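The values are calculated or read from the model by the stated rules, or taken from the named source; none is laboratory data. Quick caveat, the model's predicted, so the values are computed rather than measured. Quick reminder, even Gly has a Cβ in these numbers, built from the backbone with ideal geometry, and neighbours come from all protein chains shown.
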Amino acid sequence: MPKASLNSLTETDLAAFQSLQAGNNCGLHALSAAIRLLTNVEIAPRQLIEETNRLWWRGRFFRVFPSWAITPQQLSRLAYYLAKRENLPITSQVLHLSTQVLQNLLSDRNLACIVTIYWLPGKAPSIYHWNSPQNVNEHHGLEGHTMLFAAYDPSHYNGGVNTPWGFINSWVDRSSGLFWMENEAFEKSWGIPLPVIGHHAATILSLNE
């Protein structure tokens with residue numbers, strides 16, 4: 001597939017949607033960025049964190065536990081809840097896709113795809129920021145991490161490593177560059193099968209024109 005990016009934006013423009021997470025809230029940062037990209041409505045990650053924690057104690061489970069992880073299915077339900085509350089013209093669903101289909105979705109300006117990768121202890125995939133050759137993924141335990149898929153560039157390299165998969169990631173506040181993964185690392189970490197969640201799960205937000 002040729003080079004493509006979300007909404008045909010430049011890497012610098014896409015990277016401006018990044019916001020630095022505190023705690024286990026990567027999914028909420030990704031959802032905030034996706035909603036803003038599709039609708040130009042900003043719902044701050046901090047607001048989503050406070051609300052999902054509060055709603056959990058009221059029996060509305062948009063995350064596994066307060067201040068803890070969010071599954072793709074919970075993220076989709078949260079997007080639906082926000083769309084109804086804020087009168088946003090978006091719908092959401094969870095699909096299990098191939099990497100080829102995921103690439104092709106970038107050409108649709110009315111879609112945003114949030115993916116969650118997983119890895120076992122000692123098997124953390126390398127993730128690079130912008131054009132740096134340094135791996136910045138220092139989370140080496142049993143982990144999951146959610147990012148907004150933003151670009152595919154088969155000519156992108158970090159040092160001598162081909163890294164075609166680009167993401168809006170919550171490990172930095174704004175910045176000028178996306179976070180990038182090599183094909184094998186992304187395929188493997190996105191493809192781990194999990195109970196209920198499944199493998200290659202993507203939370204798809206669709207803009208209703």
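Observations on the model:
- Condition met for A202 (of a type in the set (A, V, I, L, M), outside any loop (DSSP other than H, G, I, E, B) and either farther than 19 Å from H29 by Cβ or at pLDDT below 95 (or both)): no
- Checking the range 39-51 against the condition returns a match, with at least one residue being in contact with a strand residue (DSSP E or B) (Cβ under 8 Å, 6 or more places away or on another chain) and on the phi < 0 side of the Ramachandran plot.
- Residue in the range 134-141 that is loosely packed, with under 13 Cβ neighbours inside 10 Å and in contact with a Pro (Cβ under 6 Å, 6 or more places away or on another chain) present: yes
- Restricting the range 120-179 to residues that are in a loop (DSSP other than H, G, I, E, B) and in contact with a Ser or Thr (Cβ under 7 Å, 6 or more places away or on another chain), the residue that is farthest from T12 (Cα to Cα) is P125.
- The C-beta contact set for the range 70-97 (first residue touching a residue at least 60 places away in the same chain (Cβ under 8 Å) and surrounded by 15 or more Cβ atoms within 10 Å (Cβ to Cβ), second residue aliphatic (A, V, I, L, M) and part of a loop (DSSP other than H, G, I, E, B), distance under 8 angstrom, 6+ apart or interchain) comprises I70/V64; T71/V64; T71/V196; T71/I197; P72/I197; Q73/V196; Q73/I197.
- Selection from the range 126-142 of residues that are touching a strand residue (DSSP E or B) at 6+ places or on another chain (Cβ under 6 Å) and closer than 21 Å to N25 by Cα: S126, I127, Y128, H129, V136
- The residues of the range 164-199 that are modelled with pLDDT under 95 and of a type outside the set (V, I, T), listed by number, are D173, R174, S175, S176, P193, L194, P195, G198, H199.
- In the set (1) at pLDDT 95 or above; (2) surrounded by 14 or more Cβ atoms within 10 Å (Cβ to Cβ); (3) part of a loop (DSSP other than H, G, I, E, B), the condition left unmet by A33 is number (3).
- Against the test of being under 17 Å from H145 (Cβ atoms) and hydrophobic (A, V, I, L, M, F, W, C), the options A79, A22, A44 yield a single qualifying residue, A22.
- Complete set of residues in the range 180-199 that are touching a Gly at 6+ places or on another chain (Cβ under 6 Å) and part of a strand (DSSP E or B): W180
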